[in-house]
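Working notes for the structure below.
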């Protein structure tokens, strides 16, 4: 097997003495005659002259001796998936156990008598609500209007009436703090003064 570095194409010079000289590379005709391919020569870094059309027997012989030094990749056999032997699935059928059924005789509940129903039903005790103490109606002659009090105008008197206080006699019995919280713009002190004034009028 010749070394790839020593393989050099030789051509005959067109000069009169027709001496041989080194060529640029092997021609395509020489490669075909030697039974080689351009791809192989490229792989082996051998020069190729695509423009030269001449053929020389010495060059063809050199190419014939040329062998592919690259390791040929072993062709791997195509992977064949081996079929696993499948054992047929046999379901284990368990024999159903005989259930021992106990006969339960359900006793019918005795129908409650009307008297028992009446006795069992608790009577609703009526809760007597304590009646709210009604305000004693004052006689018309003894009623003192709220507007008679000093500083108590009709607008404020209307607010008192909405709360159920329509006269000075009723104002006396009311809680001044509670009224002050319910009537806006009227302080507890003013209501206390009005109550004092009501007592003086009585």
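Where a number appears in this text, it was derived from the coordinates with a stated rule and is not lab data. All values reported here derive from a predicted model rather than from experimental measurement. Cβ: placed from backbone, ideal geometry, glycine included. Neighbour counts: every protein chain shown.
Just a few scattered comments:
- Protection proxy ranking, highest mean first, for peptides 183-192, 162-171: 162-171, 183-192, where packing is the per-residue count of other beta-carbon atoms within 10 Å, averaged.
- Highest-first arrangement of 23-29, 60-66, 46-52, where packing means the average Cβ count within 10 Å: 23-29, 60-66, 46-52
- Pairwise centroid distance, computed over Cα atoms, of the range 165-202 with the range 38-70, Å: 132
- For the range 140-201, alpha-carbon Rg and Dmax in angstrom: 10.4, 31
- Cα gyration tensor of the range 10-65 - equivalent ellipsoid semi-axes, whole Å, descending: 21, 11, 9
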